[in-house]
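The values are calculated or read from the model by the stated rules, or taken from the named source; none is laboratory data. This is a predicted model, so every value here is computed, not measured. Ideal geometry is used to build each Cβ from the backbone, glycine not excepted, and the neighbour counts take in all protein chains shown. Each accessible area value is taken on the protein alone, full model and side chains, heavy atoms only, with ligands, DNA and RNA left out. Shrake-Rupley method; radii C 1.70, N 1.55, O 1.52, S 1.80 Å.
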Amino acid sequence: KSGFYGRLRRGLEKTRRFLTTDVDKLFVPGKKLDDQTLEDLEELLITADIGVKATTELIAGLSKQAAGITDPDHLKEAIKEMILPYLEDDRPTDEATRPLATPHVIMVIGVNGVGKTTTIGKLAARHRANGKKVMLVAADTFRAAAIEQLSIWADRTGADILKHRENSDPAAVAYDGVEAARARGVDVVIVDTAGRLHTKVNLMEELKKIKRSMSKTMPDAPHEVLLVLDATTGQNAISQTELFTKAADVTGIVLTKLDGTAKGGIAINLRHSFGIPIQYIGVGEQVEDLQPFDPRAFLDAMF
Ligand code: GDP
């Protein structure tokens, strides 16, 4: 865990440095939090990708406590305490202890390049490590490379794979995947989907179709729809969420690339704007670089 959060801390270092030093600078020693300071703080939080709406709420909350806040550390703690309820989730994210349907079907969606395939591989590895029988389903039939990548992850993690030929019907692949998983006693099915955004309408229709076809063979499938987002893309991650939530009931978000230039605030913005829990975060390309989201540890890395 320390390795993972070490990487997260290094990824968010720039944000943390700028948030903390600038918050420190906002304070004249012994002076209380005035309107000007709050205004400057508002700007800082927006720059960290937290978003205008969540920031406005935070500032309103802080202004109520302003008289009691007299030093930067106290202010940072107050900010964290206010953000924490946004990020906390009432569902257990630990797949080792969570009761799952058999097979438990996870559909993974998101735009190309955000880290979807890597996330699927890491998820497969996590479930395998918990002793689960895993099957990957290659329903991104548009790119031969996507099917190939998924096969490599299946080999690497000891998961089964269900694939058809390139350009075959993704909904049929997904249907066959769930069918085969049931027949073979698979515990966890992870379904890869296409993410080519230049045909937005078609893509959304395709995702709906994939979802419907799976529920034909297993009525409550998919049990989870995970949306993968690249944390370094800021506002784009927000617009992608707007788009994908129209096509599917997204049950969780996977936020990748927090080891790079991401500002971190996007996690708060997403949770506040859409109410969808951040389920996992990614900090690199290795199998161990995906972990269930821990709001407290995340905020400690950020502030
Ligand atoms: P897909 O097109 O969404 O399936 O994306 P891929 O899984 O192929 O990932 C795109 C690129 O991002 C690859 O080079 C991955 O190694 C890289 N990548 C994925 N997740 C992370 C992450 O958390 N951190 C970093 N630094 N790179 C990542």
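A compact table of results
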{"item": "Region 239-303 - Rg and Dmax from Cα coordinates, angstrom", "result": "12.0, 35"}
{"item": "Members of LYS80/LYS263; LYS53/LYS200; LYS14/LYS122; LYS14/LYS116; LYS32/LYS76; LYS53/LYS209 lying beyond 22 Å, as alpha-carbon distances in this model show", "result": "LYS53/LYS200; LYS14/LYS122; LYS14/LYS116; LYS53/LYS209"}
{"item": "Crossing angle, helix 170-183 versus the chain [Cα axis fit, 0-90 degrees, rounded to tens]", "result": "80"}
{"item": "Percentage, to the nearest whole number, of Cα pairs in the chain over 27 Å apart", "result": "44"}
{"item": "FRET efficiency, 1/(1 + (r/R0)^6) with R0 30 Å, evaluated for ALA183 and TYR5 via beta carbons", "result": "0.15"}
{"item": "Percent accessible area from carbon and sulfur atoms, the chain, protein chains only, probe 1.4 Å", "result": "49"}
{"item": "Quarter of Cα convex hull surface for region 147-303, i.e. mean projection, nm²", "result": "10.0"}
{"item": "Gyration tensor verdict on region 1-112 (Cα atoms; rounded if a/c is under 1.5, prolate if a/b is larger than b/c, oblate otherwise)", "result": "prolate"}
{"item": "Long-range HN-HN contacts of THR70 with modeled amide H, under 5 Å", "result": "none"}
{"item": "MRE, 222 nm, helices only [DSSP H, n ≥ 4, -39500 (n - 2.57), over the chain, to nearest 500]", "result": "-16500 deg cm²/dmol"}
{"item": "Qualifying trypsin sites (Lys or Arg not before Pro) for region 1-59 [loop in DSSP, other Cβ within 10 Å: at most 16]", "result": "LYS1, LYS31, LYS32"}
{"item": "Estimated vicinal HN-Hα couplings, Hz - region 20-34 in sequence order (Karplus 6.51, -1.76, 1.60; Gly, Pro = x)", "result": "6, 5, 6, 5, 4, 5, 5, 8, 8, x, x, 8, 8, 5, 9"}
{"item": "Candidate residues HIS198, HIS272, HIS104, HIS74: accessible-area rank, largest first, probe 1.4 Å", "result": "HIS198, HIS74, HIS272, HIS104"}
{"item": "FRET efficiency estimate (nearest 0.05) - Cβ-Cβ, ALA172 to GLU77, R0 41 angstrom", "result": "0.15"}
{"item": "Virtual spin-label span in nm between SER239 and ASP35, 7 Å along Cα→Cβ", "result": "3.5"}
{"item": "Centre separation in Å (Cα based) which lies between region 269-303 and region 23-80", "result": "23"}
